[in-house]
Structures are given as C-alpha cells and as structure tokens.
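**Q** Quick one: structure below, then a few questions.
The values are calculated or read from the model by the stated rules, or taken from the named source; none is laboratory data. Here the structure is a predicted model, which means the values were calculated and not measured. Note that each Cβ is placed from the backbone with ideal geometry, even for glycine, and that neighbours are counted across all protein chains shown. Heavy atoms of the whole protein, side chains included, go into the accessibility calculation; ligands, DNA and RNA do not. Shrake-Rupley method; radii C 1.70, N 1.55, O 1.52, S 1.80 Å.
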Amino acid sequence: MKKLLLCMIAFFIVGASMAEAKPKVAILATGGTIAGSIDSAVATTGYTAGVVGVDVLIKAVPEIQNLAKIQGQQIANIDSSNMRDEIQLKLAQEINKLFASGVDGVVITHGTDTMEETAYFLNLTIKSDKPVVLVGAMRPSTAISADGPKNLYNAVALAADKNAKGKGVMVAMNDKIQSARGVVKTHTLNVNAFSSPDFGDLGYIVDGKVYFYNNVAKAHTKKAPFDVKNLKELPKVDILYTYSNDGSAVAAKALFENGTKGIVVAGSGAGSIHEAQKEVLKELLAKGLKVAVSSRVVAGNVAVSEADKKLGFISAEDLNPQKARILLMLALTKTNDPKKIQEYFLKY
C-alpha cells in the first residue's frame with residue numbers, strides 16, 4: 001500500500017512537472033479573415049472581417065492547449081486593409097513586454113492583406129530571439145472550408161517549437177513557414193496565397209511537427225537598431241506607382257507639401273521611373289524628401305545608377321514597395337542621411 005501511494009505521488013509530480021514544462025504562448029488578435037463571419041457556410045467572399053474575438057478563436061481550436069500554455073489578448077479587431085502605424089507600434093511594444101515577462105512565444109492573428117507589412121515591421125522592432133508568428137486565413141470562420149483553425153494550430157506549434165528561436169518573425173499559412181523578410185501575398189483568394197519569390201520557404205509544418213530547411217540571411221530582431229519603445233507615431237512615408245504616361249508628378253508634390261518625409265517609388269522593371277516624374281523627384285530630393293526606389297515587379301533587385309545615388313536616390317534592393325515603406329519609415333527615426341539609409345536597405 002505504501003509503495004502504491006509513493007508511485008501515485010511520483011506520477012502526479014511527474015505529470016505536474018510535464019505540464020509546467022509546456023512553453024507559454026500568447027495569442028494577440030488583430031482581426032482579419034480568420035476572425036471573419038458571414039451568414040453562409042459556402043461563402044468565402046463578401047464576409048465581414050474582424051468580428052470574432054480572441055477567446056472564441058482559442059476555444060475553436062482546443063488542441064492548441066496540448067502544445068502550450070495559452071493566453072489571449074485582443075489588440076485590435078479590424079480588416080487588415082485598415083492597418084495603422086499605431087497598431088503596429090502597439091504590437092511591437094506589447095510583444096517586447098510579454099517576452100520580458102517570461103512568455104516563450106507569440107502568435108498574432110492578422111488579416112492577410114497587410115500581413116507581410118506587419119510581419120516585417122515586427123521583424124525590425126522586436127528585441128528578442130524568441131519566436132513571433134503571424135497567422136491568418138483566406139476563408140472566414142463560418143465557411144465549411146475555413147482554413148483558420150488549422151493555420152492557428154500550426155502557428156502555435158511553431159511558436160512553441162524550440163528550434164524556432166532565432167529565426168526572426170515568421171508567417172505560418174497553408175502548412176508553410178515563411179520569413180517576414182521574404183514573404184509576399186501572391187494570390188488574392190487561394191488558400192496557398194503566400195510565398196517567398198526571392199528567398200523560398202523557411203520550412204513546413206505537418207500535424208504540429210515543425211521542419212526547417214532554410215535560414216534568413218538578413219539581420220533582424222535583436223540585431224536591428226530600431227527602438228520603438230517610446231514612440232507614439234512614425235515619420236510619414238508614402239508610395240508612388242510608376243506607369244506609362246506618368247508625367248504630371250502632381251501626387252509627389254502634393255504628398256511632400258502635406259508633410260510626407262519619404263516616398264517609395266514602385267518603379268517599372270528594375271526600378272525605372274518615368275522621366276517627367278523623375279525630374280520632379282530630383283527637385284524634391286533637393287528640398288529634403290527621401291526617395292527609395294523599389295519595383296512593381298514581384299521579384300528581383302532594383303538597379304539604381306551611381307549618378308542617381310549621388311542625387312540621393314536610395315535602392316530598396318529586393319524589398320517590394322510596401323516593405324520598403326516600412327524600412328524607410330523606421331530608418332527615418334534614426335537618420336536623415338541617404339547613405340546611412342542605404343546601408344539599412346543592404347543589411348535588413
């Protein structure tokens with residue numbers, strides 16, 4: 001009897017110890033399709049995004065409790081096309097606090113429209129090598145083919161995985177692991193909507209098991225110099241799209257006169273800009289505007305001539321316009337020197 005009692009005590013101690021060993025994962029909700037709803041089980045468009053709360057999302061996938069000790073927090077509940085600097089700042093500040101308090105990993109539920117932008121912003125502003133994973137859905141929670149629950153399960157599995165440390169901010173969608181630096185939304189509606197044209201996937205997830213086969217070469221998180229701890233707003237940076245007959249340059253002038261500090265040009269090809277537009281940008285450069293040249297093409301580097309670099313044009317390298325905006329915005333919190341900003345684009 002005594003031996004049986006000792007065995008039972010040992011069993012409970014081991015069980016408690018195993019439960020205690022589970023990593024702590026915080027789920028921060030911001031809305032999006034994963035929290036979307038419509039009064040139809042077959043509809044995958046026409047829904048309202050950002051309706052379901054974080055508690056409902058967590059309860060819908062009870063299996064995540066087997067992976068980690070879960071806590072949830074509602075940061076926002078929006079369609080991600082309405083993402084704002086203020087919410088991205090709030091996310092970065094809250095995640096840094098959570099990591100300082102002992103949380104082991106963070107999952108962010110997010111709309112897919114601007115997911116790559118928030119992911120890259122956090123990749124440059126989180127001051128920890130602990131895993132941060134963004135996840136969303138291409139179909140609302142009410143659809144019979146909803147992809148959100150499995151995506152959320154995979155994201156928690158990734159955030160709880162010990163090998164995910166030091167990988168930078170990641171995106172977990174459709175069983176694939178993408179880096180924040182490389183990931184791009186490349187389809188409007190398919191569940192396989194995200195890829196990394198220049199970098200490739202970081203890995204994949206199968207039934208909660210994480211497999212990595214790639215690394216991120218660019219510096220990120222703890223190695224990035226951008227500190228947003230005390231920031232309440234960010235410098236205004238906008239994007240201009242280049243196209244044939246783009247000759248008036250009215251938009252560039254109007255943005256500059258309205259307080260824009262930087263412009264990212266979505267150039268054609270390898271970063272070409274219509275000659276009439278370019279002449280006006282040269283004038284604005286001389287007045288203090290910062291101009292980064294990206295491309296509207298989905299993959300590849302831009303080519304900025306040495307002559308244009310001397311005028312102050314900055315190469316966005318292989319960053320698409322929306323991510324180049326993120327980096328230029330953060331760069332302007334540190335410096336106004338185009339040469340220093342160019343160094344940031346080469347490194348991050």
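**Q** Could you pull out every residue, at least 5 positions away or on a different chain, whose amide H is within less than 5 Å of the one on ASP227? Hs are placed 1.01 Å off N in the peptide plane, and Pro or chain starts have none.
**A** none
**Q** Output wanted: per-residue J couplings in Hz (rounded whole) for region 53-62, from phi through Karplus 6.51 cos²θ - 1.76 cosθ + 1.60, θ = phi - 60°, x for Gly and Pro.
**A** Couplings: x, 4, 5, 5, 4, 5, 5, 6, 10, x Hz.
**Q** Got a number for carbon plus sulfur as a percent of region 232-283's accessible area, 1.4 Å probe?
**A** Numbers: 1370 of 2810 Å².
Ligands and nucleic acids excluded, carbon and sulfur give 49 percent.
**Q** Same structure again: For the chain, what does the helix formula give at 222 nm: sum of -39500 (n - 2.57) over DSSP H segments with n ≥ 4, over the residue count, nearest 500 deg cm²/dmol?
**A** -10000 deg cm²/dmol
**Q** Under a point spin-label approximation (7 Å from Cα along Cα-to-Cβ), what is the ALA100-GLU233 distance to one decimal in nm?
**A** Those two pseudo-labels are separated by 2.5 nm.
**Q** For region 61-95, state which trypsin sites (Lys or Arg not before Pro) are in a DSSP loop and have at most 14 other beta carbons lying within 10 Å of their beta carbon.
**A** Those satisfying the criteria are ARG84.
**Q** Considering only DSSP beta bridges with both partners in the chain, what is the antiparallel share in %, to the nearest 5?
**A** On the way: 14 of 46 bridges.
Approximately 30 percent, going by the DSSP bridge assignments.
**Q** Under a 5 Å amide H to amide H cut-off, with H placed in plane at 1.01 Å, what residues pair with MET173 once short-range neighbours are removed?
**A** GLN178
**Q** Say R0 is 35 Å: what FRET efficiency, to the nearest 0.05, do HIS187 and LEU346 get from their beta-carbon distance?
**A** The value I calculate is 0.70.
**Q** For the chain, what is the relative contact order in percent, using Cα pairs closer than 8 Å and at least 6 residues apart in sequence?
**A** 13
**Q** So if each residue of separation counts as 0.36 nm, and I subtract the Cα-Cα distance between VAL56 and SER145, what length gain in nm does that give?
**A** My answer for the length gained is 30.2 nm.
**Q** In whole percent, how big is the carbon plus sulfur part of the accessible area of region 97-156, probe 1.4 Å, protein atoms only? Please report the intermediate quantities before stating the final value.
**A** On the way: 750 of 1470 Å².
The nonpolar share, carbon plus sulfur, comes to 51 percent.
**Q** What accessible area per residue, rounded to a whole number of Å², is obtained for the chain using a probe radius of 1.4 Å?
**A** 46
**Q** Within a Cβ distance under 13 Å of GLU94, other residues only, what is the Lys/Arg minus Asp/Glu net charge?
**A** +3
**Q** Sticking with this one: How much length, in nm to one decimal, is gained on full extension between ALA270 and ASP129, taken as 0.36 nm per residue of separation minus their Cα-Cα distance?
**A** Details: separation 141, 0.36 × 141 = 50.76 nm, distance 3.37 nm.
Result: 47.4 nm gained on full extension.
**Q** Obtain the nm distance between the two label points defined at ALA21 and VAL297 by a simple spin-label model: each point lies 7 Å from its Cα along the Cα-to-C-beta direction.
**A** Rounded to a tenth, the inter-label distance reads 5.2 nm.
**Q** Please list the non-local residues whose amide H lies under 5 Å from the amide H of VAL107, H modeled 1.01 Å from N, same-chain partners needing a gap of 5 or more.
**A** Residues meeting the amide H criterion: ALA26, ILE27, LEU28, VAL133.
**Q** What does the charge count around ILE205 come to, taking other residues whose C-beta lies under 14 Å from its C-beta (Lys +1, Arg +1, Asp -1, Glu -1)?
**A** -2
**Q** Give me the distance in nm between label points sitting 7 Å out from Cα along the Cα-to-Cβ direction at GLU63 and LYS309, one decimal.
**A** 5.1
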